[in-house]
Structures are given as C-alpha cells and as structure tokens.
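A quick write-up on the structure given underneath.
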Amino acid sequence: MKLLLDNKEQIADGVVLLTLRHPGGDPLPGWTPGAHVDLVLADDLVRQYSLCGDPNDTSIMQVAVLHEPDGRGGSRHVHDVLAVGQQIEVRGPRNHFELVEAKRYLFIAGGIGITPILPMIAQVERAGHDWRLLYGGRTRSSMAFRDELEQLGRVEIRPEDEHGLLDLRAVLGEPDEDTAVYCCGPEGLLTAVEQHCAHWREGALHVERFAPKTGAAQGPRHDFEIELAQTGAVLRVPAGQSVLEVVERAGVAVLSSCQEGTCGTCETTVLAGTPDHRDSVLTDQERAVGDAMMICVSRSRSPRLVLDL
C-alpha cells in the first residue's frame, strides 16, 4: 500500500517518529503488538521497522527510526531524504514477536528496541496484568518515549552513562514460572539476556533482532533440490546460492526484504523434507516443527525440500 508521510518528528537524540496515513483517509490494516512493516524507501532499499503506535487506531501507523551513520543506508534515507507529504510504499504488517498470555511480564529494551515494547506495555496495562520494564540506552536524551514511560511507573530508566550496563542478574537471576520475558535491542543485550534466561523454563523468553544472530547463517553448504508443490517443478540449489535466489531466477515471485533472515518476509511453508534453519526469527519450538523456513538464508538437511510455492 502507498501511505502518506503525515508527520516527521524528532523525539530523541538521533530518533525520528514517522506518522503514516492513507492518502484517501481509508482505515489501515489492523495489527497486534510486536508487529512490523517494511518501508520501501527506494527500488533497492527496503527496511523493517516495528510499529509503535496504538493498534486500536486504524487511521495511522507510526514507526520510530534511529539514525545509524554506519548502517546500510536505510536510516540515513529516512532522516535525510524523507519529507512530510511524500508517499511511501508499505508492506505488511507482519508479526513474529507476538505477545503471549502470561500472569506477569518483564520487558527489557535497549535503545530503539523500545519500539515494539511500547504497544505491548499498553495492552498488558489495559488488561490489568503485572508488568515491569527495564529500559537502557546510551544517554537519557537518546532514549525515545522516556517521558511518557516514566509516568506509568513500573519502569526503570537506566542510561549507560549514568548507571553502566543493565543489571540483568538482578532481574533474571531467579526464574519465575509465571513470567514472560520480552527483549528487543542491540545484539549484545539480546545475547546477554539469552544467557541469563538459559535456566528459565522453555518458551519464557521472546526476543526480536534488528540484525542476524551471530553465526546464525554459518554452517556447511551443499547442493540440494527443492520441489515447488504448486507447479511440480524441481530445482537444484547450488552451495553458493540461496533458495530465494534460485526460485526468483526460475520466475517465482516471492516477497523478500532483509535477505539476512531477520524480518520474516520470505517465510515459506515446508511440506516435506527437513530444513536447515539459519534465520534469526523462528523460535526453537518453531524450528523443531519444521513446517516453515526463511528461504533467504536457510537451507536443507535432506536431499530435497518440498515447498508450498
């Protein structure tokens, strides 16, 4: 869909909030906390951003974007090129970071990782659930939505230049069977939280990554076959190419975006065979089921995969 950039506002050091509307005022697709959209910034520049507004307000969508001068160009384009009144192609929304039912919630956010957490907090607050947020950032002025979060209570704001790194041992040292832990932020924070939650119950921790998990896409690469169930075509995937590249070369249209295994856009149903998961999206439980894969990075453990393409 083409949406109008209705407002662009700096809300913290290096962070702008984009407000998008339908040009004709039509209602926008519904979404749930944890969802993200793709912004098609240019023909070869597509980036994913978490929705951070109110899911009940279908008149707008909002995303917050951190300026990363050393990034791949998406944030620079948003900060330096996008202008109010411009129309932007938007794909989605999609959600691989769903909020599960739990008695209690512990939210841990680092920097711009607060964006998917915001609507989650609003939902559990409305539902009357017990929750707590530990929010870290480089400096107090760089932490988006800080003022409104502080008004809620149950929030610990911990800028690194004032408090050092987040004290994860204090909040994760003792497992709680009734608590769901949600974390989003830089890779260092996610890795540390995963390590501290290693002794928690399976499925207690939920994370969302902005970049591939370290070493996720590595491993031996060999040829294998894929069968496209909708046409019966059988294609060979060489060691040096991805499934996505092979199917696109064969003329099969598949939506894709990051091509790093982080956004979930290219998720494809697996009808037979055993995927070799190399993404940073699926949970261990979802990988064990083996009925879906991210074809931009994942490969096959079996000689052939049958895909619903």
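The values are calculated or read from the model by the stated rules, or taken from the named source; none is laboratory data. The structure displayed is predicted, hence computed values, not measured ones. Here the Cβ is made from the backbone with ideal geometry for all residues, glycine too, and neighbour counts use every protein chain on show. Remember, those area values only see protein heavy atoms, side chains included, never the ligands or the DNA or RNA. Shrake-Rupley method; radii C 1.70, N 1.55, O 1.52, S 1.80 Å.
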* Asked: Where residues in segment 117-148 are in a loop (DSSP other than H, G, I, E, B) and open to solvent by 30 Å² or more (accessible area, probe 1.4 Å), which of them is farthest from ASP176 (Cα to Cα)?
  -> THR139
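So for segment 256-264 (the condition being of a type outside the set (Ser, Thr, Tyr), open to solvent by 40 Å² or more (accessible area, probe 1.4 Å) and not in a loop (DSSP other than H, G, I, E, B)), does at least one residue qualify? It would help to see each step written out before you state the result.
Filtering segment 256-264 for residues of a type outside the set (Ser, Thr, Tyr) gives 258-261, 263-264.
Now narrow it down to the ones that are open to solvent by 40 Å² or more (accessible area, probe 1.4 Å): 259-260.
Restricting the remaining residues to those that are not in a loop (DSSP other than H, G, I, E, B) gives none.
The answer is no; no qualifying residue exists.
Counting only residues that are open to solvent by 20 Å² or more (accessible area, probe 1.4 Å) and either out of contact with any Ser or Thr (no Cβ under 9 Å at 6 or more places or on another chain) or under 26 Å from GLU98 (Cβ atoms) (or both), how many does segment 51-82 have?
So in segment 51-82, the residues open to solvent by 20 Å² or more (accessible area, probe 1.4 Å) come out as 54-60, 62, 66-72, 76-77, 79-81.
Of the ones still in play, those that are also either out of contact with any Ser or Thr (no Cβ under 9 Å at 6 or more places or on another chain) or under 26 Å from GLU98 (Cβ atoms) (or both) are 54-60, 62, 66, 70-72, 76-77, 79-81.
Of the residues in that region, 17 qualify.
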* Do any residues in segment 169-194 that are small (Gly, Ala, Ser) have Cβ atoms under 9 Å from those of residues that are in a loop (DSSP other than H, G, I, E, B) and loosely packed, with under 15 Cβ neighbours inside 10 Å, where the two are at least six apart or on different chains, and which pairs are they? -> ALA180/VAL100; ALA180/GLU101; ALA180/LYS103; ALA180/GLY203; GLY188/LEU165; ALA192/LEU165
* **From ALA144, ALA198, ALA180, ALA211, residue being of a type in the set (A, V, I, L, M, F, W, C) and more than 25 Å from ALA35 (Cα to Cα)** => ALA198
* Residues of segment 67-80 classified as closer than 26 Å to ASP54 by Cβ and part of a loop (DSSP other than H, G, I, E, B), total -> 1
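Name every residue in segment 188-212 that is among the aromatic types (Phe, Trp, Tyr) and either surrounded by 19 or more Cβ atoms within 10 Å (Cβ to Cβ) or not in a loop (DSSP other than H, G, I, E, B) (or both), in order of residue number.
PHE210
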* Asked: Any idea which of ALA83, ALA64 is modelled with pLDDT of 95 or more, aliphatic (A, V, I, L, M), assigned to a loop (DSSP other than H, G, I, E, B) and closer than 25 Å to SER142 by Cα?
  -> ALA83
* Only one of (1) in a loop (DSSP other than H, G, I, E, B); (2) open to solvent by less than 30 Å² (accessible area, probe 1.4 Å); (3) not aromatic (Phe, Trp, Tyr) is not met by ILE114, so which one is it? -> (1)
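Name the one entry in GLY273, GLY240, GLY251 that is over 29 Å from TYR49 (Cβ atoms) and modelled with pLDDT of 95 or more.
Values: GLY240 fails: modelled with pLDDT of 95 or more; GLY251 fails: modelled with pLDDT of 95 or more.
That would be GLY273, the only listed residue that is over 29 Å from TYR49 (Cβ atoms) and modelled with pLDDT of 95 or more.
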* If you scan segment 213-254, which residues turn out to be surrounded by fewer than 12 Cβ atoms within 10 Å (Cβ to Cβ) and among the hydrophobic types (A, V, I, L, M, F, W, C)? -> VAL234, ALA239, ALA253
* Structure fact -> Taking first residues from segment 132-161 that are farther than 20 Å from LEU189 by Cα and basic (Lys, Arg) and second residues anywhere that are surrounded by 18 or more Cβ atoms within 10 Å (Cβ to Cβ) and at pLDDT 95 or above, the pairs with Cβ under 8 Å that are 6 or more apart or on different chains are ARG154/TRP131; ARG154/LEU133
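Does GLY113 meet the test of being closer than 18 Å to SER50 by Cα, in contact with a Lys or Arg (Cβ under 6 Å, 6 or more places away or on another chain) and among the small types (Gly, Ala, Ser)? Quick ask: steps written out before the conclusion?
Details: closer than 18 Å to SER50 by Cα: yes; in contact with a Lys or Arg (Cβ under 6 Å, 6 or more places away or on another chain): no; among the small types (Gly, Ala, Ser): yes.
Taking the combined requirement at face value, the residue does not satisfy it.
I'm trying to understand the selection: among the residues of segment 157-187, which are open to solvent by 50 Å² or more (accessible area, probe 1.4 Å) and either within 21 Å of LYS213 (Cα to Cα) or part of a helix (DSSP H, G or I) (or both)? Full working, then the answer.
Step one: filter segment 157-187 for residues open to solvent by 50 Å² or more (accessible area, probe 1.4 Å), giving 158, 160-163, 165, 167, 169-170, 174-175, 177-178, 186.
Selection gives GLU160, ASP161, GLU162, HIS163, LEU165, ARG169, ALA170, PRO186.
Do any strands (runs of 3 or more DSSP E) entirely within segment 1-50 hold 3 or more residues that are touching a strand residue (DSSP E or B) at 6+ places or on another chain (Cβ under 7 Å), in contact (Cβ under 8 Å) with a residue 24 or more places away in the chain and open to solvent by 20 Å² or more (accessible area, probe 1.4 Å), and if so, which?
Values: elements: 2-12, 15-21, 36-42, 45-50.
The qualifying strands (runs of 3 or more DSSP E) are 2-12, 45-50.
Can we say ALA239 is without any contact (Cβ under 8 Å) to a residue 24 or more places away in the chain and under 23 Å from GLY261 (Cα atoms)? Working first, answer last.
Details: without any contact (Cβ under 8 Å) to a residue 24 or more places away in the chain: yes; under 23 Å from GLY261 (Cα atoms): yes.
Criteria met by ALA239.
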